[in-house]
Amino acid sequence: MKKNVLILLIVVLIFMSHLTAGVTEPTDIKDILEKYCIDCHGPDKSKGKLRVDELSFDVGGKDLQHWSDVLDQINTGEMPPPKKKQLSDEERRQLTDWLTTELKLVSLKKRKNNVVLRRLNREQYRNTLNDLLSLDVNWENKLPSDSKSPEGFINNGQTLLATSLHLDSYIKIAKQALDLAVVDPNNPPQIQKFKITFGKNILPELKGKRKGLGKGFGVNNYKIEELTASAPYKNYICPKSFTYNKFGSKILKGKNREFKGINHVYQANHGVVLMQKEVRRDDLKSDGFFLPPVHKPSFHNIIRLAPSPHVNVKMRVFPQSGRFKMRVKAYKKEAPNLVPYSELSYHALKKPKTNVPGDIILLGNSFVRGKKVTKNKYLVTEMDGSNRDPDKDSAEADYVFNVKNSGLYRVDMNYLNIISTRTPLTFVLNKKDDMSISVKHNKKMTRLPMMYCWLNKGENNLKIRTKAEIQIESFVFIQIDSETVESKVYFARKKATPYIRPFAGTQESRTQKASTFGEPQAVLNSKEKPSIYEFYGRIEDLPVPVGKKNDNYEANLMIIGVYNHQWAHMHGPGIVVQSIEFEGPYYDSWPPLSHKKIFIESPNSRDEQKYSREIITHFVNKTYRKSVSQEEVDSLCRYWQESRKTSNFYKSIKETLAGALCCPQFLYIDDKGAGEYGLANKLSYFLWNSMPDKELLELAQKNLLKKNLKPQIKRMLQDSRSHSFIESFTYQWLELDKLSLIPIVKDGFAYGEFLKEEAIEETYSFIKELVKNNLSVSNVIKSEFALLNQNMAVFYGIENVTGHEFKKVGFGWKYQRGGILTHSSILWANSSGVESHPIKRGVWFASRILDRPPPPPPANVPMIEPTDPKFKNLTIRKQLEVHRDNSACIDCHRKIDPWGLSFEMYDALGQVRTSIQDLRKYSAATTLPDGTDINSLNDLQGYIEEKRLDDVSRSLIRHMSSYALGRSLTFADKIEIQKIVDYSKKDGHKICTIIEQIVLSKLFIEENS
Amino acid sequence: MAQKSWHFDRRTFLKGVGVSVALPFLEAMGNDKTTSQIKRCCFFAIPNGVSLPPKNEVAYKDGWHWFPKNTGKNFAFPKPLEPFSDLREQLTILGGLSHPNSRKMHSHLSMDAFLTGVDASAQSYKNLTSVDQIAAYHFEKETRYRSLVFSCDGGVGSSGRRGTLSYDRNGSPIPSLNNPKEIFENLFTSTEKSKDIRKKAFSQKQKVVDLISENAAYMNRRLGKVDKEKFDEFLSALSSLENDVKRSQQWLDTAIKDFNADDIKIDVQAKHAPQDYYRTMLDLIALAFETDVTRTCTFMLNKENAVGIGDTLSQIALGIPGSHALSHDKTEKRYYTWGKLDQWMSSHVAYFLKKLSKIQEGEGSVLDNSIVMYGCTTSTSHNPSNNPILLAGGKNMGFKHGRYLQMENDPNLSNLYVTLLKQLKVPVKTFNDSDGEILELIA
């Protein structure tokens, strides 16, 4: 923190009452400082807590950082402040020349010994272990979290600690990892394999026999088949008899009640949580289960169920470890031609109150369902005048009407009275599409917009059915112009692609605990040609109830299921799931690749002594990522000898290799390792966030790596392993971790955690795009393109983007999107979750993008109790103004607030504010620290591009260097950093060039000697 | 961290001392008569201040000020402390204390210093041993586990925003645990397996530890001076792990007291059910005290500066923001909201105290043999003085309760720790920068 404090505190200098022996005092410099600085930073006042008379003229001594800050402040013109006396050009030159020379000398002396041994952080540990053993487990969840460095990075040797808890975890994980990687090849596993086919009354003989669990559908609606595992695997014989004492919260009569049969092993069910305005449609079809887009897309909601709606299979018997494979047969169902008003209303421009010529009007005043005559008696009048019992039957109306022009229509309802809303109104359009909508009486509005629908020219049919007590005057159909946003959104919704996504977890007696696995897959084929979608999961990574004792019929079941991940259009296209197949444990081959990579081919494979030594040597050379010493191999071989006494060959090898995985040679990154091995490791943990591959190690072995750095960097950045670097660096540099701490307010909005996930993915994709095409850093500030998928595009109100994958979309500034400053991930992470937060956004921008972190508030700040009683009701902008007017706060806040205020036209989640109230309430107009007036984020972007691009580039370079080196930068690194900045500027701030220059700099290369 | 001939030390210790020393303690432990002499301590901390409306605010008049209006025996529980009303005679409310170092530094650093009193203002500062660990080192030979260190986030956090309250004898942060299920399994279920299996597992672990130390020695030889210093941390962790293994082996023959954990919701997740989460963690501490597997515990209920999950929990549970957001809130109702948050946090601690008071031990309850401190690192969010502190239990150790003591002239919080340690019969004279004791607490 100290560095941060100093950078901003600033400025300086000196008159000295104490001179360090041997340091001569440059009188001319002293004079300048006395003339311009001492007033604010001397014995009378010491702004920023800095007493220049207490600084030493030994520039490389205790006040090195202060001197360095002085130079920065003078160079950037921040000091002296605008209203104070300014240095003449000659004086400025004199001061900066002297300081620059002094600091250079110090820098050359200092740049040694600030590099410290660093252990693998959680991500590096996971990647390395997985690369090494050909596994894909999220080991990091089993380790304590890593500390952040002052710069915000979690790969800093100084801040990464090793504790006994770490070691204990390493020992456990190593054993678990080897258990997964190594098998007994002569003993292929037993495989559990089954298939569930869905369909309404697919097994008519079971109709009415027994309901499934909970609110699920009956056993006649799905078919269970046990499938045979293919050779060489053995078939798992599934137990089919179980005893329990409890069923949910009920205790069963008679001890140890027995449940027998396949229907108690596997149970199909749906998960549909009814939301306020949502009504479940008829989801069980004759040929499968219908899944409209998920409308509560979160695992973290209060009700604790997997995303709704979904279809799932509960498994009483399931594998206890390893991978499994899920095959889902499904097809796409087009989006309905009806959509509730609420879905497009965000984009609706006006709400006409009276009918205009051309509107289609269906009179409904005869459509009165019921009239209360006595307390419990209703008189029901149908259109034909007949009466019926309101408790049993719905009231119905059936309209046939002519339409002149095909097109999108909005349907408004004029009503006289709504007495009760026990059930919603159901609309059926042309006997095909249906939609149910709840209505509520509103004294002020007797005309309610209900829905949008597509009507074809000619005869159309609308059926309305309800049990609600409602008195309707008429329905009015208003044609919507095809150029309106709501019309465009309607069509975007029709064109959207549904995505199928699996999840797995635990079914508790009332709740579920689940996580997704694998990437969502597009469902494109229609009913005529259903496709099979394959997903792979890992028991270890999912909240599956492994090894649990259980006395409750309903609890601790494994649950697998799928839902429709296209969450942006709530009434978008659906998916019909026909069957789900499960196979586990699943192996890619037998013995698996992970096993074969350890038990290498060898002529000595029959001689245990020789073979074990070969295996161990081969393994630790990779594991320790260097040329292993004889003593290191010997110690492991001795360990194996011991182990072999009590275990079989495979097990003893397993134990030995697990031991190697707990040794510091594996756990630490040996940057300074012998020869070029250190460099290979350093490079690989920078650009891959994982271990060096064979090619890098071979080059290192031949001492050819240094000579081939450029082509190697290029190769590494093209390799998909570089994604881990880009994601990890981006996440830490831009502080995306803050997003996970933003609470999702209970009744806030429907997107939930999935929006967070995809918002972060957008930012990753953007930076990947920059690296892929070696684009300029200026794109970070402003770009002519964005990387979007259909969910994010809809969230931003951008048309014509389909698919779950993030694609490059070029559109200029039309939607006020471009550059990471407009990313929801950034704007949301720096909000309060409910409101935008100019201070958070300002601090973020200053520290991450400009690398000018404001100092933390000073110690002992008293609570500011505003004197103005109206303060509490002011907008944040006005509150900030009051705050800034306080002289104690102004120095820092004038450097924070303006940045944040320029984002004010983006709300908490990062959506652009468009409503008239918002436009009145919020404004991005502000004055930047250097006096420039701006009115929008676009102005800020222009200003940065024109005047501060070098700062942005320097910020990226400094942050990335700190990440690459795994340490904090110090003053001593300044010259090397400046060289990279200069080079980058000449090259147009291209991002790959920056990465390359960091590696080629003395900082990176010379430290491993 | 003098670990130069560490490798040999370890061997010598193993052969010479280990097993023979263990037995007398075990015998002592098996003896029920000793329960009345058991002394425990437990520390809870919250960050970012509490509701302290100025006297002219309506919220003050409405009783939402954390500190009571009257001092001494006649105090009335203010609303934020209402959950403690039933425990009046078991607790003392303390005002005025703070760490002199904390008063000088940026307030959000004060959690780092809460149980140590360190000056954390320098970027690369080194912490001191925390008060709970001083007690833990003293008790360690008598308990199965040295101490419990809990938080909502787990790990150690980052320097300046630590995620743990405890620091070992080198001043290194001790990683906190936050997953009830793992904690339960580590502490209690290992005993379900047969003794033979456990014995084998421990000896296997010991072998791995030997292998690691052998290879660590090879590695250490190659390191330069700077790296060697860093690597000491690894060696020290290894030695601590080895002690744990050894301790487990020593305790192999002693069964954990019978216990019933049916009511503990070990599967709970903080972000799903914050209240259940807090209570489950507290249930685990109570269970650990009841079964005497450890005698010291710390639990950071929330991290400073809203950098942890803790600040989101009240939002999920009650729909009100966390304490950091509240400290920056300027709306009219904020002291009511803040007071409600304080009340909620108080309710967890009160739940814990009541639970301890219901567990019989000797003549009294577990609470009578446990001193529990609950406090906030600052008074208002950016003001690390006048720490709100509540002290409960420990009747058998001589603590006198039923009062609100407001102390003048900023007495050193470390003085309180001296008093606590002395009553725990830990032989200390001072604690870090302490300059006295708080004798008013003692009967």
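Going by the conditions given, is B:Ser323 touching a helix residue (DSSP H, G or I) at 6+ places or on another chain (Cβ under 7 Å), touching a residue at least 24 places away in the same chain (Cβ under 8 Å) and crowded, with 21+ Cβ neighbours inside 10 Å?
Values: touching a helix residue (DSSP H, G or I) at 6+ places or on another chain (Cβ under 7 Å): yes; touching a residue at least 24 places away in the same chain (Cβ under 8 Å): yes; crowded, with 21+ Cβ neighbours inside 10 Å: yes.
It is true that B:Ser323 is touching a helix residue (DSSP H, G or I) at 6+ places or on another chain (Cβ under 7 Å), touching a residue at least 24 places away in the same chain (Cβ under 8 Å) and crowded, with 21+ Cβ neighbours inside 10 Å.
Taking the stated definitions as given, is B:Lys354 open to solvent by 30 Å² or more (accessible area, probe 1.4 Å) and farther than 16 Å from B:Pro83 by Cα?
no
Looking only at residues in region A:638-663 that are within 11 Å of another protein chain (Cβ to nearest Cβ) and more than 40 Å from the chain's Cα centre (by Cα), which one is farthest from A:Thr128 (Cα to Cα)?
Per the criteria, the residue is A:Thr646.
So which residues in region A:908-924 are touching a residue at least 24 places away in the same chain (Cβ under 8 Å) and either open to solvent by 40 Å² or more (accessible area, probe 1.4 Å) or more than 31 Å from the chain's Cα centre (by Cα) (or both)?
Those that are touching a residue at least 24 places away in the same chain (Cβ under 8 Å) and either open to solvent by 40 Å² or more (accessible area, probe 1.4 Å) or more than 31 Å from the chain's Cα centre (by Cα) (or both): A:Lys921, A:Ser923.
If I go through region B:234-250 residue by residue, how many of them are open to solvent by 30 Å² or more (accessible area, probe 1.4 Å) and at the interface with chain A (Cβ under 8 Å from one of its Cβ atoms)?
Number satisfying all stated conditions: 2.
At least 1 residues that are open to solvent by 60 Å² or more (accessible area, probe 1.4 Å) and closer than 22 Å to A:Phe619 by Cβ in each: list the helices (runs of 4 or more DSSP H) lying fully within region A:670-770 that qualify. Write out each step before concluding.
Working: elements: A:677-687, A:694-701, A:709-718, A:722-733, A:737-740.
Fully inside region A:670-770 and qualifying: A:694-701.
Only residues that are at pLDDT 75 or above, surrounded by 16 or more Cβ atoms within 10 Å (Cβ to Cβ) and aliphatic (A, V, I, L, M): list them for region A:253-304, please.
A:Val265, A:Ala268, A:Leu284, A:Leu291, A:Val294
Any chance region B:310-320 includes a residue that's more than 14 Å from every other protein chain (Cβ to nearest Cβ), outside any loop (DSSP other than H, G, I, E, B) and of a type outside the set (D, E, K, R)?
no
Quick check: is even one residue across region B:267-285 under 18 Å from the mean Cα position of the chain (by Cα), part of a helix (DSSP H, G or I), among the β-branched types (Val, Ile, Thr) and modelled with pLDDT of 90 or more? Walk me through how you get there before you give the answer.
In the first step, residues of region B:267-285 are kept if they are under 18 Å from the mean Cα position of the chain (by Cα); the result is B:277-285.
Pick out the ones that are also part of a helix (DSSP H, G or I) and you get B:277-285.
Among the residues that remain, those that are also among the β-branched types (Val, Ile, Thr) are: B:280, B:285.
Next cut, modelled with pLDDT of 90 or more only: B:280, B:285.
Yes, there is a match, as at least one residue in region B:267-285 is under 18 Å from the mean Cα position of the chain (by Cα), part of a helix (DSSP H, G or I), among the β-branched types (Val, Ile, Thr) and modelled with pLDDT of 90 or more.
Would you say A:Leu362 is part of a strand (DSSP E or B) and either open to solvent by 60 Å² or more (accessible area, probe 1.4 Å) or modelled with pLDDT under 80 (or both)? Before you say what the answer is, go through the steps one by one.
Details: part of a strand (DSSP E or B): yes; either open to solvent by 60 Å² or more (accessible area, probe 1.4 Å) or modelled with pLDDT under 80 (or both): yes.
Spelling it out, A:Leu362 is indeed part of a strand (DSSP E or B) and either open to solvent by 60 Å² or more (accessible area, probe 1.4 Å) or modelled with pLDDT under 80 (or both).
Would you point out the residue of region B:212-228, among those that are touching a residue at least 24 places away in the same chain (Cβ under 8 Å) and more than 7 Å from every other protein chain (Cβ to nearest Cβ), that is least open to solvent (accessible area, probe 1.4 Å)?
B:Ser213
Residue check, B:Asp253 against (1) in contact with a helix residue (DSSP H, G or I) (Cβ under 6 Å, 6 or more places away or on another chain); (2) more than 21 Å from B:Arg40 (Cβ to Cβ); (3) surrounded by fewer than 18 Cβ atoms within 10 Å (Cβ to Cβ); (4) away from chain A (no Cβ under 11 Å), all met but one. Which one?
For B:Asp253, the failing item is (1).
Could you list all residues from region A:596-614 that are under 17 Å from A:Val183 (Cα atoms) and part of a loop (DSSP other than H, G, I, E, B)?
A:Phe599, A:Ile600, A:Glu601, A:Ser605 - these are the residues of region A:596-614 that are under 17 Å from A:Val183 (Cα atoms) and part of a loop (DSSP other than H, G, I, E, B).
If you check every pair at least six apart or on different chains, which have Cβ atoms under 7 Å apart with a residue in region A:437-454 that is exposed (fewer than 14 other Cβ atoms within 10 Å of the Cβ) first and a residue that is not in a loop (DSSP other than H, G, I, E, B) second?
A:Lys440/A:Ile418
Might you check whether a residue that is touching a Ser or Thr at 6+ places or on another chain (Cβ under 8 Å), open to solvent by less than 20 Å² (accessible area, probe 1.4 Å) and part of a loop (DSSP other than H, G, I, E, B) occurs anywhere in region A:80-95?
Checked region A:80-95: no residue is touching a Ser or Thr at 6+ places or on another chain (Cβ under 8 Å), open to solvent by less than 20 Å² (accessible area, probe 1.4 Å) and part of a loop (DSSP other than H, G, I, E, B).
Can you name every residue in region B:131-160 that is of a type in the set (Gly, Ala, Ser), more than 16 Å from B:Val372 (Cβ to Cβ) and either in contact with a Ser or Thr (Cβ under 7 Å, 6 or more places away or on another chain) or more than 9 Å from chain A (Cβ to nearest Cβ) (or both)?
Scanning region B:131-160 gives B:Ser151, B:Gly154, B:Gly155, B:Gly157, B:Ser158, B:Ser159.
Just checking, which of B:Leu420, B:Leu439, B:Leu405 is buried (at least 22 other Cβ atoms within 10 Å of the Cβ) and more than 14 Å from every other protein chain (Cβ to nearest Cβ)?
B:Leu420
Looking at region A:321-359, which of its residues are of a type in the set (Phe, Trp, Tyr) and modelled with pLDDT under 70?
Answer for region A:321-359, where residues must be of a type in the set (Phe, Trp, Tyr) and modelled with pLDDT under 70: just A:Tyr346.
Being hydrophobic (A, V, I, L, M, F, W, C) and either over 20 Å from the mean Cα position of the chain (by Cα) or open to solvent by 20 Å² or more (accessible area, probe 1.4 Å) (or both) is the filter here; which residues of region A:772-800 pass it?
Within region A:772-800, A:Leu775, A:Val777, A:Ile781, A:Phe785, A:Val794, A:Ile798 qualify.
Would you please name the residue that is farthest from the chain's Cα centre (by Cα), looking only at residues in region A:150-165 that are facing another protein chain (nearest Cβ under 9 Å) and either without any contact (Cβ under 8 Å) to a residue 40 or more places away in the chain or open to solvent by 20 Å² or more (accessible area, probe 1.4 Å) (or both)?
Only one residue fits best here, namely A:Ser164.
Residue check: is B:Asn186 at the interface with chain A (Cβ under 10 Å from one of its Cβ atoms) and surrounded by fewer than 18 Cβ atoms within 10 Å (Cβ to Cβ)?
The answer is yes for B:Asn186.
Could you list all residues from region B:356-382 that are touching a residue at least 12 places away in the same chain (Cβ under 8 Å) and more than 21 Å from B:Leu424 (Cα to Cα)?
From region B:356-382, those touching a residue at least 12 places away in the same chain (Cβ under 8 Å) are B:356-357, B:359, B:361-364, B:366-382; that's our starting set.
Correct list: B:Cys376, B:Thr377, B:Thr378, B:Ser379, B:Thr380, B:Ser381, B:His382.
Taking only region A:525-543 into account, find how many residues are open to solvent by less than 20 Å² (accessible area, probe 1.4 Å) and outside any strand (DSSP E or B).
2
If you check A:Asp131 against the conditions, is it away from chain B (no Cβ under 14 Å) and at pLDDT below 95?
Judged against the criteria, A:Asp131 is not a match.
Going by what's in this entry, would B:Leu94 be described as aliphatic (A, V, I, L, M), outside any helix (DSSP H, G or I) and either open to solvent by 10 Å² or more (accessible area, probe 1.4 Å) or within 20 Å of B:Gly339 (Cα to Cα) (or both)?
It is true that B:Leu94 is aliphatic (A, V, I, L, M), outside any helix (DSSP H, G or I) and either open to solvent by 10 Å² or more (accessible area, probe 1.4 Å) or within 20 Å of B:Gly339 (Cα to Cα) (or both).
When you scan region A:462-510, how many residues do you find that are farther than 17 Å from A:Asn800 by Cα, modelled with pLDDT of 80 or more, in a loop (DSSP other than H, G, I, E, B) and out of contact with any helix residue (DSSP H, G or I) (no Cβ under 6 Å at 6 or more places or on another chain)?
Looking only at that region, the number is 2.
Would you say A:Ser147 is within 14 Å of chain B (Cβ to nearest Cβ) and over 29 Å from the mean Cα position of the chain (by Cα)? Give the steps one after another, and end with the answer.
Details: within 14 Å of chain B (Cβ to nearest Cβ): yes; over 29 Å from the mean Cα position of the chain (by Cα): no.
For A:Ser147, the condition - within 14 Å of chain B (Cβ to nearest Cβ) and over 29 Å from the mean Cα position of the chain (by Cα) - is not met.
The values are calculated or read from the model by the stated rules, or taken from the named source; none is laboratory data. These numbers were taken from a predicted model, which means no experiment stands behind them. Because the Cβ atoms are built from the backbone with ideal geometry, glycine has one as well, and the counts that use them run over all protein chains shown. Ligands, DNA and RNA are stripped out before the accessible areas are found, and what is left, the full protein with its side chains, is counted by its heavy atoms. Shrake-Rupley method; radii C 1.70, N 1.55, O 1.52, S 1.80 Å.
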